[in-house]
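Student: Next up is a structure, given as structure tokens.
Just so you know, all these numbers are worked out from the coordinates, no wet-lab data involved. All values reported here derive from a predicted model rather than from experimental measurement. No Cβ is skipped: glycine too gets one built from the backbone with ideal geometry, and neighbour counts run over all protein chains shown.
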């Protein structure tokens, strides 16, 4: 055995399907590494070795996939009759809003504010 053999920790085995699922669920690399029981840098370096891109880029791709899957599920739920989802998507994508009437009557004078029960000083209008 040479000096380099048998030293250090064994190489971490990373379940990339699990990593992908966590990323699609919008988890970050540090938390995923913690779940896997490895240091975040181990995960980041393994990503570069396996996919030839940095973890930030890889993470962005998978998180984007997760958002699109969620969007598709929401749309499907709306099309299947989920009225709450129909309203929400209408507001998000179609600019629909609930009509609100607000009538505010302002008086000519500002309200009088009293800061205590001191009768010696007159109340001031603000």
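Student: Fewest Cβ neighbours within 10 Å first, please rank 19, 13, 87 accordingly.
Tutor: Going from sparsest to densest Cβ surroundings: 13, 87, 19.
Student: Only counting other Cβ atoms within 10 Å, I'd like 32, 53, 113 sorted with the fewest neighbours first.
Tutor: Ascending number of Cβ neighbours within 10 Å: 113, 53, 32.
Student: Under a plain spin-label model, where a point goes 7 Å from the Cα along Cα-to-Cβ, how far apart in nm are residue 69 and residue 11?
Tutor: Taking the simple label geometry, residue 69 and residue 11 are separated by 2.8 nm.
Student: So what are the three principal axis dimensions of segment 16-94 from its Cα atoms, in whole Å, longest to shortest?
Tutor: 45, 23, 18
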